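Contents: one structure, followed by commentary.
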Amino acid sequence: MATTYKTPGVYIEEIPKFPPSVAQVETAIPVFIGYTEKAGLAGTPLPSETISGVVVTEAKRIISLLEYESYFGRTPMESFDVTIEETYKNGTTELKNRVITATVPTPSTQTMYYHMQIYFANGGGPCYIISVGDTTGTTIARANLAAGLQMAERYDEPTLLVFPQAVHVANAGDAGDLYDAALLQAGTLKDRFVVMDCYADDPQNVRDEIGTTNLKYGAAYHPFLRTSLNYLYDVTVAANFTIALNKDMNEDGTFEVTSTPDFDALSTELQSLVKLELDKQRVTLPPSAAVVGAYALTDSTRGVWKAPANVSLNMVSGLTKQVTDEAQGGLNVDVDAGKSINVIRAFTGKGILIWGARTLAGNDNEWRYIPVRRFFNMVEESSKKASEGFVFEPNDSGTWVRVQGMLENFLTTLWRQGALQGAKPEHAFYVAVGLNKTMTALDILEGRLIIEIGMAVVRPAEFIILRFSHKMAES
């Protein structure tokens, strides 16, 4: 008894009987690293720091697209080539036919705003943004994204690392170096997971340029998405439009009148028709931001142990490539490098679905599946934070019992939610701590409290096999 009583009287003492509890950490908090239009509110820029010669903002937590716009703006207005071809009845001013086409000759690489749109459209929630430069330039530099990755290392809450603009760095080798650094960070901290795109929309770049270390902490997706997002444009900026107005008065295939007017010089009717054509041009994006949104939605509705696959993607109208069963087989199982690539596919009547749930370590039986790796991340981080309260407590049986009870209660709750496999809790997990169990007398003398946790995590039914046979008639 720590208290010494000297004055006569009645004293009340509360004796703790319940073990402390484990609070489950968030599982789908991505940090997006890239270039933004601005970084901060008007007159109040976000705090920043120079890392490896690059000015990088501190990570800003946001919860909506509106908040992103407030702090980071949008994206540069896109440039269009517009062609208007008009055919008139022979020698008259009576219009016979009109064809209007609009193209984006060189889509901007400054796409962070579009990525945030599709992230929130697919169920994304709270996230962090690290700005590594503004959108005035056209170059996406690996060094800038790598500096942002170093900034991300300082933050504890993020659980997903995303580089939506990594597909625009100089070459596949630069993208591979960036992803290798991200995997190294994830493997070191053991609390985050890397979601990757395939450089140049080619899965082979992932297999050729990414090393073999910490593959269980990352996943790659293919192909790119044709979204229903419109390009942002401003018709008042003449420099953003190249308009060719061609008129054929004689219907002989040669344009008699050719001009290049500004948008403002067009008739009201033509302006409306051109805008309609501009709005038909849609943004194509690598899939990482949409996939991370699906991670967040799956985690919140089913749990981190549910594979973020067989999930439809919103605001996606098509794919840059149609992957066949045979082609996916080669991407899903890599007998050479062991690097699995998850495929996004279009199915009739179902839409665009994420059709894979493997980490890059696709040949690893232990860490093959994304939900298994991310579930362990969650349990490890939650248990670590809860156990910090026992640092410097007496390393005796009283502390061991409390720690064991705390962790068993946490895992029992997860088992009841369906995260662990087994008819009984003891079939689903175990928690061991104590002398001659997990510690020797020397461990105790040297202040080490060692806890061992084993879990039978549910795994996705990746292959469902139906077996049929003929049955002989019996009557």
(message) Of the residues V257, V206, V195, V237, only one is β-branched (V, I, T) and touching a helix residue (DSSP H, G or I) at 6+ places or on another chain (Cβ under 6 Å); which?
(response) V195
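Among the residues of the range 198-227, which ones are assigned to a helix (DSSP H, G or I), of a type outside the set (S, T, N, Q) and without any contact (Cβ under 8 Å) to a residue 40 or more places away in the chain?
Result: Y199, A200, D208, E209.
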(message) Which of the numbered conditions does Y369 fail, given that it passes all the others? Conditions: (1) surrounded by fewer than 17 Cβ atoms within 10 Å (Cβ to Cβ); (2) closer than 17 Å to N214 by Cβ.
(response) (1)
(message) List pairs: first residue in the range 153-176 and more than 16 Å from E58 (Cα to Cα), second residue of a type in the set (D, E) anywhere in the structure, Cβ distance under 6 angstrom, at least six positions apart or on different chains.
(response) V167/D197; A172/E209; G173/E209; G176/E209
(message) Any residue that is surrounded by 20 or more Cβ atoms within 10 Å (Cβ to Cβ) and among the hydroxyl-bearing types (S, T, Y) - is there at least one of those in the range 241-261?
(response) no
(message) Given the condition farther than 18 Å from Y155 by Cβ, without any contact (Cβ under 8 Å) to a residue 24 or more places away in the chain and in the same structural domain as S267 (by TED's automatic domain parsing), answer yes or no: does some residue in the range 99-114 qualify?
(response) yes
(request) Check K6, K17, K96 and return the single one that is within 43 Å of the chain's Cα centre (by Cα), outside the structural domain of E157 (by TED's automatic domain parsing), over 30 Å from G148 (Cα atoms) and among the basic types (K, R). (result) K17
(request) Filter the range 128-145 down to residues that are outside any loop (DSSP other than H, G, I, E, B) and surrounded by fewer than 22 Cβ atoms within 10 Å (Cβ to Cβ) and give me whichever is farthest from the chain's Cα centre (by Cα). (result) A143
(request) State whether one or more residues within the range 134-152 are basic (K, R), closer than 29 Å to P308 by Cα and touching a Phe, Trp or Tyr at 6+ places or on another chain (Cβ under 9 Å). (result) no
(message) Only one of D197, D174 is modelled with pLDDT of 95 or more and surrounded by fewer than 22 Cβ atoms within 10 Å (Cβ to Cβ). Can you tell me which?
(response) D174
(message) What are the pairs with Cβ atoms under 7 angstrom where one residue, in the range 184-197, is at positive phi and the other, located anywhere, is acidic (D, E) and part of a helix (DSSP H, G or I)? Sequence gap at least six, or different chains.
(response) K190/E380
(request) Give the number of residues within the range 151-171 that are in a loop (DSSP other than H, G, I, E, B) and farther than 11 Å from V195 by Cα. (result) 10
(request) Confirm whether V54 is surrounded by 15 or more Cβ atoms within 10 Å (Cβ to Cβ), assigned by TED's automatic domain parsing to the domain that holds D134 and either at pLDDT 95 or above or closer than 22 Å to A152 by Cβ (or both). (result) yes
(message) Among the residues of the range 314-337, are any at pLDDT 95 or above, in a loop (DSSP other than H, G, I, E, B) and at positive phi?
(response) yes
(request) Quick one: W400 ticks every box in (1) more than 30 Å from P158 (Cβ to Cβ); (2) assigned to a loop (DSSP other than H, G, I, E, B) except a single one, so which number is it? (result) (2)
(request) Might you check whether a residue that is touching a Gly at 6+ places or on another chain (Cβ under 7 Å), among the small types (G, A, S) and touching a residue at least 12 places away in the same chain (Cβ under 8 Å) occurs anywhere in the range 306-317? (result) yes
(request) Scan the range 380-400 and give yes if some residue there is within 21 Å of the chain's Cα centre (by Cα) and surrounded by 23 or more Cβ atoms within 10 Å (Cβ to Cβ), otherwise no. (result) no
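The values are calculated or read from the model by the stated rules, or taken from the named source; none is laboratory data. Not measured: the values here are computed from a predicted model. Virtual Cβ from ideal backbone geometry, glycine too; neighbours counted across all protein chains shown.
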